[in-house]
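K.L.:
So that we are looking at the same thing, I have put the structure below in structure tokens.
The values are calculated or read from the model by the stated rules, or taken from the named source; none is laboratory data. This is a predicted model, so every value here is computed, not measured. No Cβ is skipped: glycine too gets one built from the backbone with ideal geometry, and neighbour counts run over all protein chains shown.
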Number of protein chains: 2
Amino acid sequence: MQGISAFYVMELLQRAKELEREGRDVIHMEIGEPDFPTPKAVIDAGRALLRTGDVKYTAAAGLPELRACIARHYQDAYGVTLDPRRVFVTPGASGAFLLAFGISLNPGEQVMMADPCYPCNDNFVRLFNGHTHFVDVDAGSAYQLTAELIAKHWRSDSKGVLLASPSNPTGTLLGGNDFNRAIEQVHSLGGCFYSDEIYHGLVYDGRAASALESSDDVFVINSFSKYFGMTGWRVGWLVVPDDFIEAAEKLAQNIFISTPTHSQYAALASFTPENMAELERRRLEFKERRDFLYENLLKLGFKIACKPEGAFYVYADCSAFTDDSFEFARQLLEQEGVAVTPGRDFGHYLADRHIRFAYTASVDRMASALKRLERFLCR
Amino acid sequence: MQGISAFYVMELLQRAKELEREGRDVIHMEIGEPDFPTPKAVIDAGRALLRTGDVKYTAAAGLPELRACIARHYQDAYGVTLDPRRVFVTPGASGAFLLAFGISLNPGEQVMMADPCYPCNDNFVRLFNGHTHFVDVDAGSAYQLTAELIAKHWRSDSKGVLLASPSNPTGTLLGGNDFNRAIEQVHSLGGCFYSDEIYHGLVYDGRAASALESSDDVFVINSFSKYFGMTGWRVGWLVVPDDFIEAAEKLAQNIFISTPTHSQYAALASFTPENMAELERRRLEFKERRDFLYENLLKLGFKIACKPEGAFYVYADCSAFTDDSFEFARQLLEQEGVAVTPGRDFGHYLADRHIRFAYTASVDRMASALKRLERFLCR
């Protein structure tokens, strides 16, 4: 457990709740969770399953029909033919990470990741007594690990590279051919490629490629939480290379038994045309919010080196106002009731100069937040 | 992954499904899952929550009201006062084991377990690069690790002892003062005590004590799956010693984010008097099945050294008929369509002389199974 830290934002969240109990209005822009409810089609499918009372274990790898649906989704969305036996349904993307590192990582091996990145990634690696090798990234590479950075930082004990496109916290993509080149680079070094694709679908400019378009020899982590709006249901998936099917099957049996049954049946309803149309409406609203927040933060004097193209985050440089973004976030919450996430939750590199804003609040709420933020900056 | 094996019963399950597709009637006595549907009060609570559409992440440690309910359950069922902050809601008992070993075990440390025992336990330990130290047990100690066995087998690198009462596969308890003495023994050696209590509530003679009656310095793993009839919902819990609250909080944030929200709200309905009355009716039916199966297996010539007092398993010695219980199970399935679990899924010690029968089928179905079994033995 040494080195596994709680998220700093938890301290702010707790304080936010105290303030709310005291009657203060807090605008939440710290939460990595869509504010939309789960789509109706999915809810209805979940309720229909519950009506049967038959909520037994499923196969460890997941409902066969859900694995088939997910495989078909790769055909529809990416033009990739995928054997459903390579798809493992997991308790959220968290389960997919556990499974991916559990079957591929030996004690002492290193996984390369960008700094900044999502903090749990490092902790999954630590859990299996591996080590994370953080590589500082900035706007020059859109906060992503490029083929060049991977080649430059590769070590003899490197096991592989984890890449998230779109990225949390920056919302940036590794676009066009650069993504493919990064995968080729990892493979030419003999490493494993772990592709975190949990924000796929939530992309507003350009296009997020799946690692499966480049190679079959990749681990792909995805989830029904973000784009599909099913956070609390805990359903994600992992695609493994052929050689890892047997290991994934064994480990899933042992560490999960199975993913929640009612959630899996509900997730089946995600891929209907009606539901996909609803998700597209939500995507367009996120895009509008992204534009609104991005432009207004720039006006206030935040620097945003890369306009975010996906996810629902803006990673803003607040060095014009402070050199301690955690303290900045604390005071902003205390004085104005606006909750944001400090950079240090995502790594070390320039972390104290950055704040992550989540646009998981409506434009109206964000407009209020920006007014409060402006007042805060003028003090 | 080396050393983590798939369950042997999976091969039989797959063959059973093939036979069923061919139109054969298979009687399932291999499955560790109650055949009853989830109780109506729980289903209704789950459906009511879904109706709101509000299936967001909960706190990593679980819904505060569910943690409070679980703590109160210890007061009601065991007379133990428990601080709800020590209760962590997890994705099934699997999640509780992950959390317990994740926060307490260092690479290379040993956890002592009985052979036979539930096969995943060893694999959770392996996952964190610990080692399992199996101690052969037999009817002389009711297939349990006693204080004497623990003292005799303790090593310098032992970290602790895992004890399951009632046990899977034997259904036996470590009763009366023996349980307390085992805990005291582990503590006097400076070890951690992990108490697997997932079959609590399903006890037909005597009484299963919680480790919390003996000490606050224990890890207790439990679940809504078995007694509460909620397998597919994936909700369990872990009680940790005070000193581990912070670590459990951090690790839960990182590896689960949260336990399924709708499942947690549904579980809240478990503790109502109406539901507890329904669970008591089911317990009495399990007791009737236990008596029926136990007596009839003895009549057929199986040896059962300890009458099982809990869970829903009979661990029967079949050495009068075979010295290869896996092959015996295979042929029993093939020739008579009765599925059981071979001893080797639970360890090595005398494993090929034992079969586990689960009484998760009605008395009528079991009567048919026993007729088929008799015919099989007479061939």
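K.L.:
Scan region A:290-302 for residues that are under 23 Å from the mean Cα position of the chain (by Cα) and closer than 19 Å to A:Tyr349 by Cβ and report the count.
P.N.:
Summing the residues that are under 23 Å from the mean Cα position of the chain (by Cα) and closer than 19 Å to A:Tyr349 by Cβ in region A:290-302 gives 0.
K.L.:
If you don't mind, there's one more thing I want to ask. Given the conditions (1) surrounded by fewer than 22 Cβ atoms within 10 Å (Cβ to Cβ); (2) within 17 Å of the chain's Cα centre (by Cα), report the number of the one that B:Phe312 does not fulfil.
P.N.:
(1)
K.L.:
Next question, about the same structure. Can you name every residue in region A:224-236 that is over 17 Å from A:Arg282 (Cα atoms) and under 13 Å from the mean Cα position of the chain (by Cα)?
P.N.:
A:Gly236
K.L.:
Would you please name the residue that is surrounded by the most Cβ atoms within 10 Å (Cβ to Cβ), looking only at residues in region A:169-200 that are in contact with a helix residue (DSSP H, G or I) (Cβ under 8 Å, 6 or more places away or on another chain), of a type in the set (S, T, N, Q) and closer than 30 Å to A:Leu279 by Cα?
P.N.:
It comes out as A:Ser195.
K.L.:
Also, quick follow-up: When A:Arg85 is evaluated against the numbered criteria (1) among the charged types (D, E, K, R); (2) facing chain B (nearest Cβ under 10 Å); (3) over 22 Å from B:Ile257 (Cβ atoms), which criterion, by number, is the only one it fails?
P.N.:
(2)
K.L.:
So which residues in region A:1-31 are within 14 Å of chain B (Cβ to nearest Cβ) and out of contact with any strand residue (DSSP E or B) (no Cβ under 9 Å at 6 or more places or on another chain)?
P.N.:
Once the filter is applied, which keeps residues that are within 14 Å of chain B (Cβ to nearest Cβ) and out of contact with any strand residue (DSSP E or B) (no Cβ under 9 Å at 6 or more places or on another chain), region A:1-31 yields A:Met1, A:Gln2, A:Gly3, A:Ile4, A:Ser5, A:Ala6, A:Met10, A:Glu11, A:Gln14, A:Lys17, A:Arg21.
K.L.:
Sticking with this one: Could you please find all residues in region B:1-26 being in a loop (DSSP other than H, G, I, E, B), surrounded by 15 or more Cβ atoms within 10 Å (Cβ to Cβ) and at pLDDT 95 or above?
P.N.:
Selection gives B:Val26 alone.
K.L.:
Just checking, does region B:164-185 include any residue being over 18 Å from the mean Cα position of the chain (by Cα) and touching a residue at least 60 places away in the same chain (Cβ under 8 Å)?
P.N.:
No.
K.L.:
Next question, about the same structure. Going by what's in this entry, would B:Lys371 be described as surrounded by fewer than 20 Cβ atoms within 10 Å (Cβ to Cβ), part of a helix (DSSP H, G or I) and within 18 Å of the chain's Cα centre (by Cα)?
P.N.:
When the stated conditions are applied, B:Lys371 does not pass them.
K.L.:
For region A:32-42, state whether one or more residues are touching a strand residue (DSSP E or B) at 6+ places or on another chain (Cβ under 7 Å), buried (at least 18 other Cβ atoms within 10 Å of the Cβ), in contact (Cβ under 8 Å) with a residue 12 or more places away in the chain and at the interface with another protein chain (Cβ under 10 Å from one of its Cβ atoms).
P.N.:
Scanning region A:32-42 turns up at least one residue that is touching a strand residue (DSSP E or B) at 6+ places or on another chain (Cβ under 7 Å), buried (at least 18 other Cβ atoms within 10 Å of the Cβ), in contact (Cβ under 8 Å) with a residue 12 or more places away in the chain and at the interface with another protein chain (Cβ under 10 Å from one of its Cβ atoms).
K.L.:
Six or more apart or on different chains, Cβ under 6 Å: which pairs go from a residue in region A:1-19 that's free of Cβ contacts under 8 Å to residues at least 40 places away in the same chain to one that's of a type in the set (Val, Ile, Thr)? Could you list them?
P.N.:
Taking only residues 6 or more apart or on different chains, the pairs are A:Met1/B:Ile103.
K.L.:
Is region A:101-113 home to any residue that is under 23 Å from A:Ala351 (Cβ atoms), more than 7 Å from chain B (Cβ to nearest Cβ) and among the hydroxyl-bearing types (Ser, Thr, Tyr)?
P.N.:
No: zero hits.
K.L.:
Kindly indicate which of A:Ala77, A:Ala61, A:Ala68, A:Ala48 is in a helix (DSSP H, G or I) and within 14 Å of chain B (Cβ to nearest Cβ).
P.N.:
Numbers: A:Ala77 fails: within 14 Å of chain B (Cβ to nearest Cβ); A:Ala61 fails: in a helix (DSSP H, G or I); A:Ala68 fails: within 14 Å of chain B (Cβ to nearest Cβ).
None of the others qualify; the one that does is A:Ala48.
K.L.:
Still on this structure, please answer the following. Within region B:280-298, is even one residue within 16 Å of B:Ala139 (Cα to Cα), in contact (Cβ under 8 Å) with a residue 40 or more places away in the chain and either among the hydroxyl-bearing types (Ser, Thr, Tyr) or surrounded by fewer than 18 Cβ atoms within 10 Å (Cβ to Cβ) (or both)?
P.N.:
no
K.L.:
Could you go through region B:264-281 and let me know if any residue there is farther than 16 Å from B:Lys40 by Cβ and assigned by TED's automatic domain parsing to the domain that holds B:Gly229.
P.N.:
The answer is yes, given that some residue of region B:264-281 is farther than 16 Å from B:Lys40 by Cβ and assigned by TED's automatic domain parsing to the domain that holds B:Gly229.
K.L.:
Of all residues in region B:222-272, how many are more than 9 Å from chain A (Cβ to nearest Cβ), in a helix (DSSP H, G or I), small (Gly, Ala, Ser) and touching a Phe, Trp or Tyr at 6+ places or on another chain (Cβ under 9 Å)?
P.N.:
Summing the residues that are more than 9 Å from chain A (Cβ to nearest Cβ), in a helix (DSSP H, G or I), small (Gly, Ala, Ser) and touching a Phe, Trp or Tyr at 6+ places or on another chain (Cβ under 9 Å) in region B:222-272 gives 4.
K.L.:
Quickly run through region B:131-143 and pick out the residues that are under 23 Å from B:Leu212 (Cα atoms) and surrounded by fewer than 24 Cβ atoms within 10 Å (Cβ to Cβ).
P.N.:
Selection gives B:Ser141, B:Ala142.
K.L.:
Shifting gears a bit: Does at least one position in region A:79-98 carry a residue that is surrounded by fewer than 20 Cβ atoms within 10 Å (Cβ to Cβ), aliphatic (A, V, I, L, M) and in contact with a Phe, Trp or Tyr (Cβ under 9 Å, 6 or more places away or on another chain)?
P.N.:
Checked against the condition, which is being surrounded by fewer than 20 Cβ atoms within 10 Å (Cβ to Cβ), aliphatic (A, V, I, L, M) and in contact with a Phe, Trp or Tyr (Cβ under 9 Å, 6 or more places away or on another chain), region A:79-98 yields at least one hit.
K.L.:
Quickly run through region B:326-368 and pick out the residues that are buried (at least 20 other Cβ atoms within 10 Å of the Cβ), among the hydroxyl-bearing types (Ser, Thr, Tyr) and assigned to a helix (DSSP H, G or I).
P.N.:
Passing the criteria: none in range.
K.L.:
Is it the case that some residue within region B:298-312 is under 30 Å from B:Lys56 (Cβ atoms) and among the hydrophobic types (A, V, I, L, M, F, W, C)?
P.N.:
So far as region B:298-312 goes, no, none of its residues is under 30 Å from B:Lys56 (Cβ atoms) and among the hydrophobic types (A, V, I, L, M, F, W, C).
K.L.:
Checking the condition touching a Phe, Trp or Tyr at 6+ places or on another chain (Cβ under 9 Å) and of a type outside the set (A, V, I, L, M), which residue from A:Glu374, A:Glu327, A:Glu336 passes?
P.N.:
It is A:Glu336.
K.L.:
Go over the candidates A:Phe219, A:Phe256 one by one and state the one that is at pLDDT below 95, within 22 Å of the chain's Cα centre (by Cα), of a type in the set (A, V, I, L, M, F, W, C) and crowded, with 24+ Cβ neighbours inside 10 Å.
P.N.:
A:Phe256
K.L.:
What do you reckon, is A:Val111 closer than 19 Å to A:Ile257 by Cα, surrounded by 19 or more Cβ atoms within 10 Å (Cβ to Cβ), among the hydrophobic types (A, V, I, L, M, F, W, C) and in contact with a His (Cβ under 8 Å, 6 or more places away or on another chain)?
P.N.:
No, not satisfied.
Yes or no, residue by residue, for (1) of a type outside the set (A, V, I, L, M, F, W, C); (2) outside the structural domain of B:Phe193 (by TED's automatic domain parsing); (3) under 26 Å from B:Ser215 (Cα atoms):
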| residue | (1), (2), (3) |
| --- | --- |
| B:Val55 | no, no, no |
| B:His73 | yes, no, yes |
| B:Asp76 | yes, no, yes |
| B:Gly79 | yes, no, yes |
| B:Ala93 | no, no, yes |
| B:Gly102 | yes, no, yes |
| B:Val111 | no, no, yes |
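K.L.:
Continuing with this model, one more query. Among the residues of region B:27-44, write down those that are of a type in the set (A, V, I, L, M) and at pLDDT below 95.
P.N.:
Hit for region B:27-44 is B:Ile31, nothing else.
K.L.:
What tally of residues in region B:192-206 results from selecting those that are among the hydrophobic types (A, V, I, L, M, F, W, C) and assigned to a loop (DSSP other than H, G, I, E, B)?
P.N.:
Number of matching residues: 2.
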